[in-house]
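Structure record follows, encoded as structure tokens.
The values are calculated or read from the model by the stated rules, or taken from the named source; none is laboratory data. These figures come from a predicted structure and were not determined experimentally. Here Cβ is always computed from backbone atoms with ideal geometry, including for glycine, and neighbour counts include all displayed protein chains. These accessible areas exclude ligands, DNA and RNA; they are computed on the full protein's heavy atoms, side chains included. Shrake-Rupley method; radii C 1.70, N 1.55, O 1.52, S 1.80 Å.
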Amino acid sequence: MVHLVTAGTTLGVRALMKNKQPVPVKPIDQATANKNAAANTAAIIAAQPKELVLHRTPTDQLPKKAAEQITALEAQLEQCHAAMLANPSGIICTPEQRAAIQRAAVGVARAQSSWNLQPYQQEMAYYQAEDARRQQAVAPVAPAK
């Protein structure tokens, strides 16, 4: 009985999928694309942390196993923090810096898998959101056609 129900359900689903036609994609104009991009950027920024919290581990509390990697990660984040404070409208973290931070975080995870990386991830998310906000502030608005 169970096999009959399963077979019937499978055949029904296949029949429905066969009859389903793909939905044609309508091209959108540039104004709509710009509006959608702005809405997506605003949503990303809204989802990011509103407050910057720096997490730096005192030297005497660093685990021996990953001290060098944690120090390197915190130094990379500190460079972004210094850049943010130095220029209120400039870029905070370059793509190269973001890649270096990612590599440093991977190094920490490999050396000390139990180390909590979330505070560093939140700090980086703040810098990324701030970079996006700054870029949006200086980006020229395209005239509507």
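Some values worked out for this structure:
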read-out	value
Total residues in the stretch 80-126, condition without any contact (Cβ under 8 Å) to a residue 24 or more places away in the chain, closer than 21 Å to V138 by Cβ and crowded, with 16+ Cβ neighbours inside 10 Å	2
3 or more residues hydroxyl-bearing (S, T, Y) and modelled with pLDDT of 90 or more: qualifying helices (runs of 4 or more DSSP H) within the stretch 36-145	118-138
Residues of the stretch 56-79 satisfying the condition of being among the β-branched types (V, I, T) and open to solvent by 60 Å² or more (accessible area, probe 1.4 Å)	T59, T71
